[in-house]
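Here is the structure we will look at.
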């Protein structure tokens, strides 16, 4: 099983044959086999997180939880889509000022956060990364469990921690 002749460009950057490295002249001889399961391990601040390379896709029809919130006078809705076992698998945030830069950035955050969850990042690890972030809008909230938030991301992280992580650990 070798590379097609027109795909030798895939071997660019490998050592030349005369350097004792790979035989670029005959790419058919190059076989790279993974050792062990294909998992990326990230170490950050003594916190280990293993993320699967394969994506766990949510079912077409799924349960969800929607939560209305206010932070510093800004209204929003957080929707958490759930896997069949009750784990969060996606999040959506709808802000009252649709079309704003803030709303666009929040949508990008939601997509990245959802993909991280679907690739195996735990809600605990994900919420740890965003809890404590500070930027506008910030301030008092309408949630007695989270009376003050440093940002929308801080609020969402703390909400997920309270409703999905602490509930499991009890």
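Annotations
- Taken together, the residues in the stretch 141-160 that are under 15 Å from residue 68 (Cα atoms), touching a strand residue (DSSP E or B) at 6+ places or on another chain (Cβ under 7 Å) and surrounded by fewer than 18 Cβ atoms within 10 Å (Cβ to Cβ) amount to 2.
- Test: residue in the stretch 87-97 that is surrounded by fewer than 16 Cβ atoms within 10 Å (Cβ to Cβ) and more than 17 Å from the chain's Cα centre (by Cα): yes
- All strands (runs of 3 or more DSSP E) inside the stretch 71-170 with 3 or more residues being out of contact with any helix residue (DSSP H, G or I) (no Cβ under 6 Å at 6 or more places or on another chain): 74-82, 139-143
- Residue within the stretch 131-140 that is buried (at least 17 other Cβ atoms within 10 Å of the Cβ) and over 22 Å from residue 87 (Cβ atoms) present: yes
- Checked against the criterion of being within 18 Å of residue 163 (Cβ to Cβ) and surrounded by 16 or more Cβ atoms within 10 Å (Cβ to Cβ), the candidates 76, 120 yield just one match: 76.
No lab work stands behind these numbers, since they all come straight from the coordinates. Predicted, not measured: the structure shown is a model, and the values here were computed from it. Quick reminder, even Gly has a Cβ in these numbers, built from the backbone with ideal geometry, and neighbours come from all protein chains shown.
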